[in-house]
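Structure first, commentary second.
The values are calculated or read from the model by the stated rules, or taken from the named source; none is laboratory data. Since this is a predicted model, take the numbers as computed values, not measurements. In this analysis, Cβ positions are derived from the backbone assuming ideal geometry, glycine residues included, and neighbour counts consider all displayed protein chains.
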Amino acid sequence: MNAGRIVMGVSTALALVGAVGFAFQLHTSEPIQGSSVGVCGWPQVRPLTSPYSMAASFVIKNTSGSPVTLRGLHATKLVGLRSAGVTVSVGADADESENYRVEAAVGVPADEVAKSTPVSLDAPLTLTLAPHSFARVITKMTLADGARAGYATDFALATDRPLGGIETQTLTASVGLGVDGDACSALGQ
């Protein structure tokens, strides 16, 4: 009789531990998904002076059924760039939404950059992305002195966790800038 109670108690405990582990696994999945594509572009009109600057973007999606609050976003790796300022614009057109895993855009118009929300470590982002909705991550890049091409990649994204705290994930998209097509090709983007 006591052995039966012990077995039942151990089985119940194991079932609870398994359920908690399963729930934790479900909870820790990353709700924001993005492209892992790389893209490089160059200004179609050569600037009269250096530095070369241009904006490029990629699309992210909140794949969860709940709103997700974005708290911060920045490129953790810059190669050949003096700077890479990140802004976020909620919403995306039908083509971007449909193909968000495989497309990025170069030459984002200045008015689109101006309408987006700036993100920096000094001015943290507080932007909520609705369930199953999209946002454009726009990176305005400036080439470093003497560089013919450069890129920003490994974007660190901080979001609120549903039960409190901050969760960080890495978006592996890569956006680049070159002085011309040959310079972009040399990056291997």
Legend entry - Answer residue from the stretch 161-187, given it is of a type in the set (S, T, N, Q) and assigned to a strand (DSSP E or B) and is nearest to Arg82 (Cα to Cα) among those: Ser174
Legend entry - Test: residue in the stretch 50-70 that is surrounded by fewer than 19 Cβ atoms within 10 Å (Cβ to Cβ) and at pLDDT below 80: yes
Legend entry - Sole exception among (1) modelled with pLDDT under 75; (2) closer than 25 Å to Pro31 by Cβ; (3) of a type in the set (S, T, N, Q) for Thr172, by number: (1)
Inset, instruction - Tell me, please, whether a residue that is modelled with pLDDT of 90 or more, under 18 Å from Gly41 (Cβ atoms), in contact with a Lys or Arg (Cβ under 8 Å, 6 or more places away or on another chain) and of a type in the set (Val, Ile, Thr) can be found in the stretch 113-134. - result: no
Inset, instruction - Report, by residue number, each residue of the stretch 159-188 that is closer than 22 Å to Val88 by Cβ, in contact with a strand residue (DSSP E or B) (Cβ under 7 Å, 6 or more places away or on another chain) and not hydroxyl-bearing (Ser, Thr, Tyr). - result: Asp160, Arg161, Ile166, Glu167, Gln169, Leu171, Ala173, Val175, Gly176, Leu177
Inset, instruction - Please enumerate the residues belonging to the stretch 128-143 that are buried (at least 24 other Cβ atoms within 10 Å of the Cβ) and of a type in the set (Val, Ile, Thr). - result: Val137, Ile138, Thr139
Inset, instruction - Test each condition in (1) surrounded by 14 or more Cβ atoms within 10 Å (Cβ to Cβ); (2) modelled with pLDDT under 75 for Ala110 and report the one that comes out false. - result: (1)
